[in-house]
Amino acid sequence: MSVPATFFRISASLAVAGIGALMIVSGASAQATSSKMKGLELSNDKPIQIESDKLEIKDPESKAIFTGNVKVVQGTTTLQAGSMTVFYKSGGGSVSSGDADIDRIEVSQRVFLSSGTQQATADSGEFDMTKQTFVLKGDKVVLSEGKNVFVGCQLNVQMNTGEAQLDACGGRVQIQLDPKSQKKN
């Protein structure tokens, strides 16, 4: 059985602009949407600002834990979550010195990403800096750009290309498209 798919490109900065400086999933019967949308591009050349209620650095475990109202801003991209754990490679520097070699980042507790006209919400997410991928998961993962809205339960993005796939996890992907958003030739 083939899986219906639509291709779109996501702006990589939506997903990881703040995180980037720090640091086709579908089942046989699952519905999925794949796409390329502009916007999810890594931006390592802009300053990053991170705020949270608490920061705990555990150098022996090669991780830093940000908790409570976490907000990461880089350029026009903002990431917000209840918590963010940054795992860095052993021997690859440290977060406190600013030269950490980030392996992966986990975010949870109401994740919100915004970049330009694109926004995404989820329950949790993981950014794999080595593989240049990120996954957002939740009961309802919502990706929107203007009046165009995509809803599923898991969003998989290849950060270096912006290629993305939205999976419905056994249900159906929901898409609402605004015909006025189409580019005129």
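The values are calculated or read from the model by the stated rules, or taken from the named source; none is laboratory data. Just so you know, these numbers come straight off a predicted model, no measurement behind them. All Cβ positions, even for glycine, are placed from backbone atoms using ideal geometry, and neighbour counts span all protein chains on display. Calculation scope for accessible area: heavy atoms of the full protein, side chains included, ligands and nucleic acids excluded. Shrake-Rupley method; radii C 1.70, N 1.55, O 1.52, S 1.80 Å.
The table that follows gives values for the structure above.
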{"read-out": "Some residue of region 132-143 being modelled with pLDDT under 90 and either open to solvent by 20 Å² or more (accessible area, probe 1.4 Å) or more than 25 Å from residue 71 (Cβ to Cβ) (or both)", "value": "no"}
{"read-out": "Yes/no for residue 50 being assigned to a strand (DSSP E or B), open to solvent by 40 Å² or more (accessible area, probe 1.4 Å), farther than 23 Å from residue 120 by Cα and modelled with pLDDT of 50 or more", "value": "no"}
{"read-out": "Among (1) at pLDDT 90 or above; (2) closer than 21 Å to residue 46 by Cα; (3) open to solvent by less than 40 Å² (accessible area, probe 1.4 Å) - the single one residue 112 does not satisfy", "value": "(3)"}
